[in-house]
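J.: Structure in structure tokens, see below.
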Amino acid sequence: MSVEPEPKASLLRRLGVGRLSFGALLGAALVVIGLAANGIALVAPIDYAALGDFRYPGIFLLTFIANGSVVIPIPYIPVVIRVAEVAPNVPLVVLSAAAGSMLGESVAFFVGRAGKKIVDDSRVHAWLSRVVHSNWLSGLVLFALSAPLNPFFDVAGLAAGALGIPYKVFASAVLLGRIVRFGVVVWLGRGLLENGLPF
């Protein structure tokens, strides 16, 4: 007696492949595309020194667009590292990147302010609503969320806008967080590149 092979669809369903939503597949594809784009940007033979003083506004604009865009993965971290590698004023590179990044994140803040109902049901919104009564505490939370490489910070920005956190608190906390982020990124990135690792 021969055993019938299990239908392919049933096997895929048992492995959990059938349960993957379009959103999950799209998210995974964007992560892969983002990682590939960052790798390419890090090793691309671009002469950033030739940009001269346009490096600083260029970094500002790049981080503004990258952080204001939710869907398109723009490889800004390796570009910031490469520009800092050749720029005569590294602190200005960090400050330009941080300011552009903070203004880009402000897009989510103002969307949250305009469309309060969009984020009412999120867990981040519920958590932030408990600390929003103190500007100091909400600023500290936003700083802690914005300093590390956190792809989900847009949700915090939406929630901060929807909860009515003052923009000056949001902007100050995020700017300081991004100064820390880009300072660490530039320091680590330049160290790796100077030591010939990994490229």
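J.: Quick check on region 81-95. Is at least one of its residues within 15 Å of the chain's Cα centre (by Cα), surrounded by 18 or more Cβ atoms within 10 Å (Cβ to Cβ), in contact (Cβ under 8 Å) with a residue 24 or more places away in the chain and part of a helix (DSSP H, G or I)?
T.: There is no residue in region 81-95 that is within 15 Å of the chain's Cα centre (by Cα), surrounded by 18 or more Cβ atoms within 10 Å (Cβ to Cβ), in contact (Cβ under 8 Å) with a residue 24 or more places away in the chain and part of a helix (DSSP H, G or I).
J.: Please work out which one of (1) surrounded by fewer than 20 Cβ atoms within 10 Å (Cβ to Cβ); (2) of a type in the set (A, V, I, L, M); (3) under 17 Å from Y76 (Cβ atoms) is the condition A147 fails and give its number.
T.: Going through the list (1) surrounded by fewer than 20 Cβ atoms within 10 Å (Cβ to Cβ); (2) of a type in the set (A, V, I, L, M); (3) under 17 Å from Y76 (Cβ atoms), A147 breaks only (1).
J.: List the number of the failed condition for K168; all other conditions in (1) at pLDDT 90 or above; (2) buried (at least 22 other Cβ atoms within 10 Å of the Cβ) hold.
T.: K168 satisfies all of (1) at pLDDT 90 or above; (2) buried (at least 22 other Cβ atoms within 10 Å of the Cβ) except (2).
J.: Let me ask something additional. With respect to the numbered conditions (1) modelled with pLDDT of 90 or more; (2) out of contact with any Ser or Thr (no Cβ under 9 Å at 6 or more places or on another chain); (3) within 14 Å of G161 (Cβ to Cβ), which one is the sole condition not fulfilled by V124?
T.: V124 satisfies every listed condition except (1).
J.: Would you point out the residue of region 47-64, among those that are modelled with pLDDT under 90 and more than 14 Å from R82 (Cβ to Cβ), that is surrounded by the fewest Cβ atoms within 10 Å (Cβ to Cβ)?
T.: Filtering region 47-64 for residues that are modelled with pLDDT under 90 and more than 14 Å from R82 (Cβ to Cβ), the one surrounded by the fewest Cβ atoms within 10 Å (Cβ to Cβ) comes out as G52.
J.: For the list (1) under 16 Å from the mean Cα position of the chain (by Cα); (2) under 30 Å from V86 (Cα atoms), I need the number of the one condition that R190 fails.
T.: (1)
J.: What is the residue count in region 163-193 for residues that are touching a Leu at 6+ places or on another chain (Cβ under 8 Å) and basic (K, R)?
T.: Total satisfying the criteria: 1.
J.: Under 9 Å between Cβ atoms, which residue pairs at least 6 apart in sequence (or on different chains) link something in region 155-169 that is in a loop (DSSP other than H, G, I, E, B) with a partner that is of a type in the set (S, T, N, Q)?
T.: Qualifying pairs under 9 Å: L163/S129; L163/S138; I165/N135; I165/S138; P166/N135; P166/S138.
The values are calculated or read from the model by the stated rules, or taken from the named source; none is laboratory data. Predicted, not measured: the structure shown is a model, and the values here were computed from it. Every residue, glycine among them, receives a Cβ derived from its backbone with ideal geometry; neighbour counts consider all protein chains shown.
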